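Here is the structure we will look at, set down as structure tokens.
The values are calculated or read from the model by the stated rules, or taken from the named source; none is laboratory data. Not measured: the values here are computed from a predicted model. No Cβ is skipped: glycine too gets one built from the backbone with ideal geometry, and neighbour counts run over all protein chains shown. Side chains included, ligands, DNA and RNA excluded: accessible areas come from the protein's heavy atoms. Shrake-Rupley method; radii C 1.70, N 1.55, O 1.52, S 1.80 Å.
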Amino acid sequence: MLVFILNAGSSSLKYQLMNPINKEVLAVGICERIGIDGVLTHQFKEDGKIKKEISMPTHKEAIELVLKTLTEGEGAVIASINKIEAIGHRAVHGGEKFSVSTIVTPIVIEEMRKLIPLAPLHNPANIMGMEICQDLMPGIPNVAVFDTAFHQTMPDYAYMYPLPYEQYSKHGIRKYGFHGTSHFFVSNEAQGMLDKKHNTRIIVCHLGNGSSVSAVLNGKCIDTSMGLTPVQGLMMGTRAGDVGAGAISYMMTQEGLSIDETLDIMNKKSGILGISGKSSDLREVLEGMKNGDDKCRLAVEMVAYNIKKYVGAYVAALDGIDALCFTGGIGENSALIREIVCAGLDGMGLIIDPTKNNKRSSVAKDIATNSSAARIFVIPTNEEYVIANDTYKIVSAL
Ligand code: ADP
């Protein structure tokens, strides 16, 4: 089965064409600057690549262009769009309504619309992607795979904020968590890599531009670091993560900031970028640290320290640990961050092997010493595969 995977953002659109049965990826690409001018980057076959600037006034033109590129000219990988048997959409916020992936129906779209206040940038773009696909490819089933779904198993004492209870009952204010497809994929892989098959206690550190940690007991999420929105938890590329409410209100007063301006600072100008003053990209900040930039040093130490604190908290939440997993651009590639996070955690049964940690690998690996009581895994994430596979399973059962 060929699944077209779509991740529609406010001004961008990522796509893949994948066969979930053998995990073969036929094409992968991104449309950027939608509504501004438009750039398509399309990769296909072994090393085929097309990049072109082309007008994309809306997501509709962008999706039309992608379908054309997949079927015509140099970048074509299928003879016609009829070869696409299902479409899997990354959907950001499923609230409490969606705890599993689901076939897209008018009712599902209506429910997603009700959740727009919780994800004002993402859900409208996701809905738009679904409606355009229904329009351009009538009769082909669409499936929504939610970023929040995997975290719906959290117990109430973990997902509730200690605010007045009616803030939850009236407005649904609670922790939801994100990056669910990655946390599911990596924890599931880790479970397969462990000798132990019962009472598995796994911590997943998904560390990319956006970062989150989750605690997974027997395959079910019991806690995660992001909250009602992705701005909570770890310090990220541009997001602040955990900051006291008093500090935020004080900053607003001192700077005369509105709520929107404050959220803009906390989402787009904080984190690694805000501290280093250099970049949101960890590689550049590591380079700056090497060259003696003290703010870059501070940003790197803060990133690692924040992750380590969550690891400690989640070892306690899980009553121990069997595997600590690193994934995402930083988790998979930065041996230094992994080294700082794991340093001194021998008492928790986590001993990192420096040689294994520093060896590069594109496949999952165990970087703990043989004597370490718990495993430390580096596992490349594959969120697109989770979307394609969920889509395949749901569509096959129709
Ligand atoms: P996204 O969340 O956008 O999918 P990624 O998972 O690709 O992001 O992660 C991007 C982050 O990974 C950036 O901060 C980048 O600097 C970092 N990264 C990628 N490669 C390395 C590396 N070799 N060493 C350190 N950081 C890296």
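Of note:
- Residue ID - nearest to the chain's Cα centre (by Cα), chosen from residues in region 243-261 that are part of a loop (DSSP other than H, G, I, E, B) and within 20 Å of M302 (Cα to Cα): V243
- Sole exception among (1) within 12 Å of the ligand (Cβ to nearest atom); (2) not charged (D, E, K, R); (3) not in a strand (DSSP E or B) for G192, by number: (1)
- Test set (1) within 12 Å of the ligand (Cβ to nearest atom); (2) within 30 Å of S187 (Cα to Cα); (3) free of Cβ contacts under 8 Å to residues at least 24 places away in the same chain - A299 fails condition number: (3)
- Unique residue being at pLDDT 95 or above, open to solvent by 90 Å² or more (accessible area, probe 1.4 Å) and assigned to a strand (DSSP E or B) when the list is K68, K14: K14
- Any pair with Cβ under 6 angstrom, 6 or more apart, that starts in region 190-214 at a residue that is free of Cβ contacts under 8 Å to residues at least 40 places away in the same chain and ends at one that is near the ligand (Cβ under 10 Å from one of its atoms) and not in a loop (DSSP other than H, G, I, E, B): S212/H206
- A313 assigned to a helix (DSSP H, G or I) and open to solvent by less than 10 Å² (accessible area, probe 1.4 Å): no
- Within region 196-220, tally of residues that are surrounded by fewer than 24 Cβ atoms within 10 Å (Cβ to Cβ), touching a strand residue (DSSP E or B) at 6+ places or on another chain (Cβ under 9 Å) and of a type outside the set (K, R): 6
- Taking residues in region 64-78 that are touching a residue at least 24 places away in the same chain (Cβ under 8 Å), and partners anywhere that are part of a loop (DSSP other than H, G, I, E, B) and small (G, A, S), the pairs with Cβ atoms closer than 6 Å and at least 6 places apart or on different chains are T69/G75.
- Taking the criterion of being more than 14 Å from the ligand (Cβ to nearest atom), within 21 Å of N382 (Cβ to Cβ) and in a loop (DSSP other than H, G, I, E, B), the residues of region 200-224 that qualify are T200, G219.
- Hits in region 161-179 - residues which are in contact (Cβ under 8 Å) with a residue 12 or more places away in the chain and more than 14 Å from the ligand (Cβ to nearest atom): Y161, G172, I173, R174, K175, Y176, G177
- Test: residue in region 300-310 that is open to solvent by 20 Å² or more (accessible area, probe 1.4 Å) and touching a Leu at 6+ places or on another chain (Cβ under 7 Å): yes
- If you go through region 262-286 and keep only what is open to solvent by 90 Å² or more (accessible area, probe 1.4 Å) and in a helix (DSSP H, G or I), you end up with K268, R283, E284.
- The listed residues are T238, T229, and the only one of them that is assigned to a loop (DSSP other than H, G, I, E, B), among the hydroxyl-bearing types (S, T, Y) and within 14 Å of the ligand (Cβ to nearest atom) turns out to be T238.
- For the residues L273, L282, the requirement of being within 16 Å of the ligand (Cβ to nearest atom), under 20 Å from the mean Cα position of the chain (by Cα), closer than 22 Å to L121 by Cα and not hydroxyl-bearing (S, T, Y) singles out L273.
- Qualifying positions in region 334-382 - away from the ligand (no atom under 16 Å from the Cβ), open to solvent by 40 Å² or more (accessible area, probe 1.4 Å) and not in a loop (DSSP other than H, G, I, E, B): D346, G347, M348, P354, T355, K356, D366, R375
- Of all residues in region 17-45, those satisfying the criterion of being touching a residue at least 12 places away in the same chain (Cβ under 8 Å), not charged (D, E, K, R) and not in a strand (DSSP E or B) are P20, I21, I34, G35, I36, G38.
- In region 316-330, of all residues being of a type outside the set (V, I, T), crowded, with 19+ Cβ neighbours inside 10 Å and outside any helix (DSSP H, G or I), the one that is nearest to the ligand (Cβ to nearest atom) corresponds to F326.
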